[in-house]
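Asker: The structure's right below; bear with me while I get my questions together.
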């Protein structure tokens with residue numbers, strides 16, 4: 001009898017103890033494969049409060065150059081849905097990009113949630129070779145790479161500028177809108193260094209983009 005009463009009161013205590021707020025997510029990791037002319041992606045993370053108490057979102061911070069729209073509200077009642085969005089610009093990126101958004105709530109069990117997304121950004125241009133190289137104290141002779149433009153982009157390369165004054169670049173056209181040459185000349189090879197060559201790409205109906213090529217002394 002005593003054991004039965006103890007079990008009854010233990011069950012009553014459990015039932016009378018409110019459960020903490022708890023957010024569940026449709027997905028906490030997303031993956032994107034944008035087209036070559038896309039300018040950004042929008043990662044949308046949908047959640048629902050599955051607890052029995054309201055949950056408050058305290059802060060949202062990204063580890064990238066994303067913009068996060070203001071939430072419509074910060075407190076979500078039991079059963080209520082919401083969404084966290086991150087807008088990531090991809091114009092000046094290429095290859096795999098991995099980003100994280102940190103969300104903090106007043107949920108005592110899970111105060112921090114990490115929302116992650118991967119973006120496989122297609123190349124607007126491809127260079128061959130990928131990097132032009134000179135040895136230290138090598139003659140100041142020009143070297144040439146070919147630059148292929150993604151056909152679906154219809155982009156024209158019209159300008160090149162080296163980020164480092166130790167190099168200069170010159171564009172040549174093989175087939176306008178498809179293939180170019182980039183001739184790079186070092187002005188000094190006495191010290192090791194890497195430079196970025198910025199290529200201006202004009203795309204019909206879109207703002208111009210900046211693409212990148214690389215040269216180094218090693």
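The values are calculated or read from the model by the stated rules, or taken from the named source; none is laboratory data. These numbers come from a predicted model, not from an experiment. Cβ coordinates were reconstructed from backbone atoms using ideal geometry, including for glycine residues, and neighbour counts include every protein chain displayed.
Asker: Take residue 165 and decide whether it is surrounded by 17 or more Cβ atoms within 10 Å (Cβ to Cβ) and at pLDDT below 95.
Answerer: For residue 165, the condition - surrounded by 17 or more Cβ atoms within 10 Å (Cβ to Cβ) and at pLDDT below 95 - is not met.
Asker: Can you tell me which residue is surrounded by the fewest Cβ atoms within 10 Å (Cβ to Cβ) among those in region 174-183 that are in a strand (DSSP E or B) and in contact (Cβ under 8 Å) with a residue 12 or more places away in the chain?
Answerer: Across region 174-183, the extreme among qualifying residues is 174.
Asker: Could you list, in sequence order, the residues of region 107-133 that are free of Cβ contacts under 8 Å to residues at least 60 places away in the same chain and closer than 30 Å to residue 183 by Cβ?
Answerer: Across region 107-133, the qualifying residues are 126, 128, 129.
Asker: Can you tell me which residue within region 189-218, out of those that are outside any strand (DSSP E or B) and surrounded by 13 or more Cβ atoms within 10 Å (Cβ to Cβ), is modelled with the lowest pLDDT?
Answerer: 206
Asker: Among the residues of region 74-102 satisfying the criterion of being assigned to a strand (DSSP E or B) and free of Cβ contacts under 8 Å to residues at least 24 places away in the same chain, which is farthest from residue 153 (Cα to Cα)?
Answerer: Here the residue is 75.
Asker: Would it be correct to say that residue 186 is over 25 Å from residue 39 (Cα atoms), modelled with pLDDT of 95 or more and surrounded by fewer than 14 Cβ atoms within 10 Å (Cβ to Cβ)?
Answerer: Judged against the criteria, residue 186 is not a match.
Asker: Moving on. Filter region 127-140 down to the residues that are exposed (fewer than 15 other Cβ atoms within 10 Å of the Cβ) and not in a loop (DSSP other than H, G, I, E, B) and list them by number.
Answerer: Result: 128, 131, 133.
Asker: Same structure, new question: Could you tell me whether region 141-158 includes any residue that is part of a strand (DSSP E or B), at pLDDT below 95, touching a strand residue (DSSP E or B) at 6+ places or on another chain (Cβ under 6 Å) and under 30 Å from residue 179 (Cα atoms)?
Answerer: Checked region 141-158: at least one residue is part of a strand (DSSP E or B), at pLDDT below 95, touching a strand residue (DSSP E or B) at 6+ places or on another chain (Cβ under 6 Å) and under 30 Å from residue 179 (Cα atoms).
Asker: What is the residue count in region 103-126 for residues that are within 20 Å of residue 86 (Cβ to Cβ) and part of a strand (DSSP E or B)?
Answerer: 13
Asker: If you don't mind, there's one more thing I want to ask. Quick check, is residue 110 in contact with a strand residue (DSSP E or B) (Cβ under 8 Å, 6 or more places away or on another chain) and farther than 23 Å from residue 37 by Cα?
Answerer: It is true that residue 110 is in contact with a strand residue (DSSP E or B) (Cβ under 8 Å, 6 or more places away or on another chain) and farther than 23 Å from residue 37 by Cα.
Asker: Scanning for something at pLDDT below 95, surrounded by fewer than 13 Cβ atoms within 10 Å (Cβ to Cβ) and not in a strand (DSSP E or B), does region 54-65 turn up at least one residue?
Answerer: yes
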